[in-house]
Amino acid sequence: YERRFPTCPLIPMFVASDTVNEYRSEDGAIHVIERRCKLDIDAPRLLKKIAGVDYVYFVQKNSLNRRERTLHIEAYNETFSNRVIINEHCSYTVHPDNEDWTCFEQSASLDIKSFFGFESTVEKIAMKQYTSNIKKGKEIIEYYLKQLEEEGITFVPRWTPPVACKSESSTSHPRRPVSPAINIPESATKEGLSNKEILNTSSSPSEPTAGTPDDKLDADYIKRYLGDLTPMQESCLIRLRQWLQETHKGKIPKDEHILRFLRARDFNIDKAREILCQSLTWRKQHQVDYILDTWNPPQVLQDYYAGGWHHHDKDGRPLYVLRLGQMDTKGLVRALGEEALLRYVLSINEEGLRRCEENTKVFGRPISSWTCLVDLEGLNMRHLWRPGVKALLRIIEVVEANYPETLGRLLILRAPRVFPVLWTLVSPFIDDNTRKKFLIYAGNDYQGPGGLLDYIDKEIIPDFLGGECMCEVPEGGLVPKSLYRTAEELENEDIKLWTETIYQSASVFKGAPHEVLIQIVDASSVITWDFDVCKGDIVFNIFHSKRAPQPPKKDSLGAHSITSPGGNNVQLIDKVWQLGRDYSMVESPLICKEGESVQGSHVTRWPGFYILQWKFHSMPACATTNLPRVDDVLASLQVSSHKCKVMYYTEVIGSEDFRGSMTSLESSHSGFSQLSAATTSSSQSHSSSMISR
């Protein structure tokens, strides 16, 4: 076991460790060592960025008692210990009935108090990491055993006390009670732990899975409604259904639905029973069984949610078409909130279950899942809006838990280069079995061999994909700002999306712009931004300087006699700096009107210091405009006290992570004019920005 330190090649996330305390007893029987371990957790970059860490640290204490032949391991997290509490305990002991056997027990607890609004995400990552480590346990032990054998070490003698201590230690020590050793079937290790706050892997004998000869379903019924089942699978279905009939108060789900949960857990009855019971409780709490009859989607969903049912695929599965690239996810979340979107997705899934039953009757064979066709034409940075991604992750989590094995195939068409960024964020939360059903086509690849025609009849390919079938799916488009809900309305709900702390607010005054400094070490890094102009009109600029500006100073606003309770005002560019000498403009100025949302990115050409600037937009003089003087006066009065307000979020992404997504972004509506030919510092840089009006 000690050979795992200071690092282990079989545990890639285990980067390094340092010894902080060590104790050895005089007789050599006791050895206690405490280490600080550095881990690189497999989590989305965005989550690490929000948390502000690249690595997490755990403290591990190993206590070896050679006299009693025990090894006890305790570990707890040092990083974020005020937000998340993780405790893990492992023990290796000698079996009381056969001293050549080793017993191993492991348990862990996870208590998440708060984590920047990503509590369920962190729980899922922790579960995935913990399960992965358990699965690797045997492999790691065998690796080091083989290493010892190659060094000629095949036997380690037992510890014996020093001669002077023999008489004292000859007293027999009482043996500690341990769990009996059992043979764990290999199939049982394929699944991770159940998603509970308390995890315990102490083994207990499982009940037999073979059914009695009487536990059989009618063969015609199985073939017609359930599909091919082995005797063991049939027995599992009967036993789980019987258990539900005896214990569950309420509507008993159909065999097809029970079977989905069994398949999702490889016919492990205990695990399937657990997630099925959780789902049935959830359905009852949220009245999901009645959602199709009692809930009418808001008109904004009917008009702007670009998805709908469209015939069926070649296997008879219902076909759902989603034009995600044409959908204003940010607008929908801002207009409806997360709950309405989730409820709408649930209604889609319930409709999918109903259509599967209908198609089973129509085609005379079991159809238990549907096919989803997702068109990504138009996908851009707007779809990576953080609260929107968070809403998407939650929806995925709910659907995965309550509608397992319902997705037969997912066809992703016209995936642009920005798609890998979105995929990196959501893929860790999608079940491995589900991920295997994904087929991704870039550009027009779906029209070639192995493309859409392999799965969908030519007659029903939608017209927007080059087919002849008129598709009645709404075309989506931008949700009007007039339909957005106000911050006050969102405050009245439990879920606050767009007001979360990842977005910062800033005040902009006439003569006092707000500026943000970004230091770039590696050329070709990508600066991304997302901001809303909440009040007034502003001009957005990006500058580059080889030298760092003075430490940020907050404007006292003394000249304006105005305080800024609603946001910061930081100025970085020194008054004595000259444009073209001390710093240069890397993008043409972008004028943004009140109420606009702007997303964009800039591929940096050189390292150095980049400054994002939001500046008050002064109304043009009367001589240069067609407006009468009175209109000038009225327009200027709309910006009270010459004050503007923005809410913004910025992030720097490595070029290798962004994977050249600029090409796709440039195809969207751009608010930036062409790069200025006079600007030498960015004449070969790449940029894109999109404005929503």
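The values are calculated or read from the model by the stated rules, or taken from the named source; none is laboratory data. Treat the numbers as computed from the prediction; the structure is a model and nothing was measured. We place every Cβ from the backbone using ideal geometry, glycine too, and count neighbours over all the protein chains shown. Just the protein is used for accessible areas: all its heavy atoms, side chains included, with ligands, DNA and RNA removed. Shrake-Rupley method; radii C 1.70, N 1.55, O 1.52, S 1.80 Å.
Which residue is nearest to A442 (Cα to Cα), if the candidates are limited to the range 295-316 and must be open to solvent by 10 Å² or more (accessible area, probe 1.4 Å) and among the hydrophobic types (A, V, I, L, M, F, W, C)? Out of the qualifying residues, it is W309.
Here K330 meets each of (1) open to solvent by 20 Å² or more (accessible area, probe 1.4 Å); (2) within 21 Å of the chain's Cα centre (by Cα); (3) of a type outside the set (G, A, S) with one exception, condition (1). Taking the range 438-450 as the range and being open to solvent by 30 Å² or more (accessible area, probe 1.4 Å) and in a helix (DSSP H, G or I) as the test, the residues that pass are D445, Q447. Only one entry in G364, G352, G388 is open to solvent by 30 Å² or more (accessible area, probe 1.4 Å), in the same structural domain as L332 (by the TED database) and small (G, A, S), namely G364.
For first residues located in the range 60-81 and closer than 11 Å to C37 by Cα, partners that are of a type in the set (D, E, K, R) and open to solvent by less than 30 Å² (accessible area, probe 1.4 Å) and lie 6+ apart or on another chain with Cβ distances below 6 Å form the pairs Q60/R35. Answer yes if at least one residue in the range 424-437 is open to solvent by less than 20 Å² (accessible area, probe 1.4 Å) and farther than 30 Å from G227 by Cα, and no otherwise. There is at least one residue in the range 424-437 that is open to solvent by less than 20 Å² (accessible area, probe 1.4 Å) and farther than 30 Å from G227 by Cα.
Residue-wise test of (1) of a type in the set (D, E); (2) at pLDDT 80 or above.
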site	(1), (2)
D445	yes, yes
E475	yes, yes
T499	no, no
S505	no, no
I518	no, yes
S524	no, yes
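Within the group L276, L292, L237, L319, which residue is open to solvent by less than 60 Å² (accessible area, probe 1.4 Å), closer than 18 Å to N349 by Cβ, not small (G, A, S) and not in a strand (DSSP E or B)? Matching residue, one of L276, L292, L237, L319: L276. Tell me, which residue of the range 240-259 that is assigned to a helix (DSSP H, G or I), open to solvent by 20 Å² or more (accessible area, probe 1.4 Å) and of a type in the set (D, E, K, R) is nearest to G352 (Cα to Cα)? Ranking the candidates gives E256 first. Restricting attention to the range 69-92 and to residues that are within 29 Å of G28 (Cα to Cα) and among the β-branched types (V, I, T), the residue that is farthest from the chain's Cα centre (by Cα) turns out to be T70. Can you tell me which residue among E594, E587 is of a type outside the set (S, T, N, Q), surrounded by fewer than 19 Cβ atoms within 10 Å (Cβ to Cβ) and in a loop (DSSP other than H, G, I, E, B)? After applying the criteria, what remains is E594. For T406, the conditions (1) open to solvent by less than 20 Å² (accessible area, probe 1.4 Å); (2) more than 17 Å from N349 (Cβ to Cβ) are fulfilled apart from (2).
None of A401, A340, A391 is of a type in the set (G, A, S), more than 26 Å from E475 (Cβ to Cβ) and in a helix (DSSP H, G or I) except A401. Among residues of the range 416-427 that are assigned by the TED database to the domain that holds T329, those with a beta-carbon under 6 Å from a residue that is charged (D, E, K, R) at least six positions away or on a different chain give the pairs P420/R659. Checking each residue in the range 106-122 for being part of a helix (DSSP H, G or I) and surrounded by fewer than 18 Cβ atoms within 10 Å (Cβ to Cβ) picks out E119, S120.
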